[in-house]
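The values are calculated or read from the model by the stated rules, or taken from the named source; none is laboratory data. Quick caveat: nothing in here was measured; it's all calculated off a predicted structure. Reconstructed Cβ throughout: ideal geometry from the backbone, glycine too, with neighbour counts over all protein chains shown. In case anyone asks, the SASA skips ligands and DNA or RNA and just uses the protein heavy atoms, side chains included. Shrake-Rupley method; radii C 1.70, N 1.55, O 1.52, S 1.80 Å.
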Amino acid sequence: NGVVRLVENPGAEPLDGNRQGSSSARRKVLVHVPSNEVITCYEDLESKLLSLGWERYYDDPDLLQFHKRSTIHLISLPRDFNKFKSIHMYDIVVKNRNMFEVRDM
């Protein structure tokens, strides 16, 4: 119905990505649903986003940014893929319904 509701999950990764010694916690991965491909680098993500009509912004050297011309949406990601956390993944999922999802690995 278009409404998103956050349900707390005590076993889930915190939105900031910190696990602090939780070796049993599974890591989150971003999956491109149509191809069932796990996104493992920004080059793969960028090609998927470009094919969906997103355009790359080059204004901030510390961020990778994408804007979709037909919307007000902006995706901002840390330049270092190792700092790509679940909060960034969920941002991509919300702005690209049915195209991406976050899964436990």
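Data overview
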{"item": "Qualifying positions in the stretch 80-97 - under 13 Å from the mean Cα position of the chain (by Cα) and of a type outside the set (A, V, I, L, M, F, W, C)", "result": "ASN82, LYS83, LYS85, SER86, HIS88, TYR90, ASP91, LYS95, ASN96, ARG97"}
{"item": "Positions within the stretch 45-75 being open to solvent by 40 Å² or more (accessible area, probe 1.4 Å), assigned to a strand (DSSP E or B) and touching an Asp or Glu at 6+ places or on another chain (Cβ under 9 Å), in sequence order", "result": "ARG56, LYS68"}
{"item": "Output for the stretch 79-105, where each listed residue is among the aliphatic types (A, V, I, L, M), open to solvent by 70 Å² or more (accessible area, probe 1.4 Å) and more than 13 Å from VAL38 (Cα to Cα)", "result": "ILE87, VAL94"}
{"item": "Where VAL38 falls short, out of the listed (1) over 23 Å from VAL3 (Cβ atoms); (2) modelled with pLDDT of 95 or more; (3) open to solvent by 70 Å² or more (accessible area, probe 1.4 Å); (4) among the hydrophobic types (A, V, I, L, M, F, W, C)", "result": "(3)"}
